[in-house]
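Notes follow the structure.
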């Protein structure tokens, strides 16, 4: 099969590394070759962060290119739009509706583009927007936003629900498994 | 079957060091190299430490090698500048136990102050350098580097780059094998590099390079992947992956795993086989120059930029291949640069410096973010430690006329790294400089590593804690005082008094990093909307928790605010109220 790409983006500190760890585990369990490219260092300090996941029979580059991503998983509204060019035709954006103002907006140098997701929808992009923060809090922790979004990804993805649940058990610390599985279920069933 | 794991390149290097039987690792943290030593420290069988700087780290590794065990150190590209002194002469002494120096370049400057290409060091110091292209190779090459180090009696460099260091791919785990420890034998001709001995070692170095070049012709580290002969490509590391992504098996690729010294015959043979030969290498045209030196015609930097990171997209574009269709929004998405965290202790200090319109020489660390709007509190950032020495020179240039309106800022870890010597110079050569040490009790930007001032070692065990106040006194500074940067009034008083003093002084701005686990956040502050008059004074802090609400009044992001209370002190109308 041709190599496929998934993008996970958000604001530094939101927990994108755990999301890619879970996705990586699911894909490895399925027997795919996989590469995951992460961002460490300076951009973790509240900057825009992006993680690339590529999987297939044989993966060379760890970087997802323009027009290649099947999915963009975004932890913050405008971060989805920032990386929209990576989405392939027919790809899906799954995004948290949370708004986090970047510093240029805080200082008044720029305005927050409230309606940017509608703009993408109008251009034919499938956008699944959800209040993942509220669902994460319902599951027991605001930190589970990442797992809620992965639940919604699983709904659109070709790997069975049970395999994700199993992978959560392999990925997070034992004391957090139940909470994260609940968060995953809430994300999966959102919109039903 | 051996266990397979998904690992970032740095973790795979650590695994390789473990399997190679390394017994001592000494490093200084620096993105993108830090995780090599952090992961290595998770193996109880390896002695690991954070050294105060890269030079100390490399010399420690040298000592362990001298004693007969395998040793390593890891650093970022600019760290190798600091450790260049031991490296160049280690090339002459060679090793007893294998010695591997891991160095991580940062094309694209994700987290660095320059984009230097560390391959130049391998050439200049006349030592071998390997460069892996994925995590499996990171592990394998770390082990191969020790074989080369011991066989050729040389330190061996292992070159990483951000995209390999921080990308996960599958690694097959093997067992740790510890080579027999070599007995220590005194050997002054080899290890005392006084002129008489060094003169005899230099020919050895030159002969070694010839032997290593012969190795480059035959080693499986350099692999020819035959495909179409219309296009031939020489590539290393991440560039190899991008080329494979673009061309698959349709071109012939010479994949170089050993990037110094470079093969000669292998390249000539390839050139004879293909119609056009390209060199795809990030940063400088090192391989390209080599090809041209040996009379092989190649296309390199005239087609591929020396700037930043490559990708399959940039390579496809350079070859004029079509791009994939994309969709973008027409509205611009505002930039989201990194910022100092909510509750960052540096913020209060920088606010005071900006308010007093001081000239501020900066250093390397999280506090470089103080240069961003709205604080714009920095005037320079050069390299580790340069703030103090730079301030001294700045003040000397103006006969100390500037000393009452100029300060420098340097973190606790950076001060231990290379600020101490600058402070000794301030005292010894007598400038009236005011030095501010931002002591947040951790090495922050690289992700919380311990250092000699924190009282803990790399394993988190208690360690000797160096007392900054005593140290500054010992370095000849009489005026040393401590302030809490959350207290704006006290901080401003301290800064004004020390600037006015007729001698050099040190202000230690002390408050632990808000991200440290033991720092418990307070309840978020709240805005009393009746009292807020929209003056925006609080916005001058550049705190990510504070914004202007749609009603025109200040608002607080409760998910981010840690209740540090600095904004409360700023509000002239007492509209910001403590959450406690």
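Taking 7 Å steps out from each Cα toward its Cβ at residue B:194 and residue A:89 produces label points 7.7 nm apart. Tell me, what is the FRET efficiency for residue B:574 and residue A:173 to the nearest 0.05, using R0 = 35 angstrom and their Cβ-Cβ distance as r? The formula returns an efficiency of 0.20 here.
Percent of alpha carbon pairs in the range B:161-205 separated by more than 12 Å? Summing the P(r) of the range B:161-205 above 12 Å gives 77 percent of all pairs. Among B:127, B:566, the order by Cβ neighbours within 10 angstrom, fewest to most, reads B:566, B:127. Take every Cα pair under 8 Å whose residues are at least 6 apart in sequence, average their separation, divide by the length of the range B:222-318, and the relative contact order is 31 percent. According to the Kirkwood relation over distinct C-alpha pairs, the hydrodynamic radius of the range A:4-189 is 16.5 Å. Considering all C-alpha pairs of the range B:222-318, those separated by over 22 Å amount to 17%. Each principal axis of the protein assembly as shown carries a Cα extent, and these read 80, 71, 49 Å when sorted largest first.
Can you put A:1, B:548 in order of Cβ neighbours within 10 angstrom, beginning with the fewest?
A:1, B:548
Treating r as the C-beta distance of residue B:421 and residue A:192 and R0 as 60 Å, the FRET efficiency rounds to 0.40.
Computed over all pairs of different Cα atoms, the Kirkwood value for the hydrodynamic radius of the range B:493-539 is 15.2 Å. Note on residue B:558 and residue B:398: the model spin-label points, each 7 Å out from Cα along the C-beta direction, lie 4.8 nm apart. Can you work out the base-10 log of I(q)/I(0) for the range B:18-124 at q = 0.20 1/Å, using the Debye formula on its C-alpha atoms alone? The Debye formula, applied to the Cα set alone, gives -0.99.
Counting Cβ atoms of other protein chains within 10 Å of each Cβ in B:307-319 and taking the mean gives 2.
Can you give the convex hull volume per residue for the Cα atoms of the range B:526-577, as a whole number of Å³? If you can, show how the numbers build up before the last one.
Details: hull volume 3.5 nm³, N = 52.
Each residue corresponds to 68 Å³ of Cα convex hull volume.
With viscosity 0.692 mPa s and temperature 37 °C, the Kirkwood radius over alpha carbon pairs of the range B:369-448 converts through Stokes-Einstein to a diffusion coefficient of 250 µm²/s.
Measuring nothing but how far apart in sequence close Cα pairs (under 8 Å, 6+ apart) lie, relative to its length, chain B scores a relative contact order of 11 percent.
Shielding by partners for peptide B:453-460, expressed as the average number of C-beta atoms from other protein chains within 10 Å of each residue's C-beta, is 0.
One quarter of the convex hull surface built on the alpha carbon atoms of the range B:372-418 amounts to 3.8 nm², the projected area averaged over directions. Placing dummy labels 7 Å off each Cα toward the beta-carbon, the span from residue B:474 to residue B:317 is 5.4 nm.
Let me know the mean shielding of A:81-90 by other chains, meaning the per-residue number of their Cβ atoms within 10 Å of its Cβ. It would help to have the intermediate numbers written out before the result.
On the way: counts 5, 7, 2, 5, 5, 4, 3, 4, 4, 0.
Mean partner-chain Cβ count within 10 Å for A:81-90: 4.
Taken over the C-alpha atoms, the range B:466-532 has Rg and Dmax values of 16.7, 53 angstrom. Averaging 1/r over each pair of different alpha-carbon atoms in the range B:4-218 and inverting the result gives 16.9 Å, the Kirkwood hydrodynamic radius. Here is the size of the range B:70-157 from its Cα atoms: Rg then Dmax, 12.7, 37 Å. Debye calculation, C-alpha points only, no solvent: report log10 I(q)/I(0) for chain B at q = 0.07, 0.08, 0.09 Å⁻¹, in the same order as the q values. Log10 of I(q)/I(0), two decimals: -0.50, -0.65, -0.80. As a ratio to 2.2 N^0.38 Å, the alpha-carbon radius of gyration for the range B:330-463 is 1.14.
For the range B:401-421, the residues whose backbone nitrogen is under 16 Å from a point 7 Å from the Cα of residue B:482, taken along Cα to Cβ, are B:412-413.
From the Cα trace of the range B:432-580, what convex hull volume per residue do you get, rounded to a whole Å³?
Each residue corresponds to 133 Å³ of Cα convex hull volume.
Do you know the relative contact order of chain A, to the nearest whole percent, from alpha carbon pairs under 8 angstrom that are 6+ apart?
Relative contact order comes out at 20 percent.
Taken together, the values in this text are just the output of simple stated rules run on the coordinates, not laboratory data. Note that the coordinates shown come from a computational prediction; the quantities given were computed from them, not determined experimentally. A quick note on method: Cβ atoms are made from the backbone with ideal geometry, for glycine too, and the neighbour counts reach across all protein chains shown.
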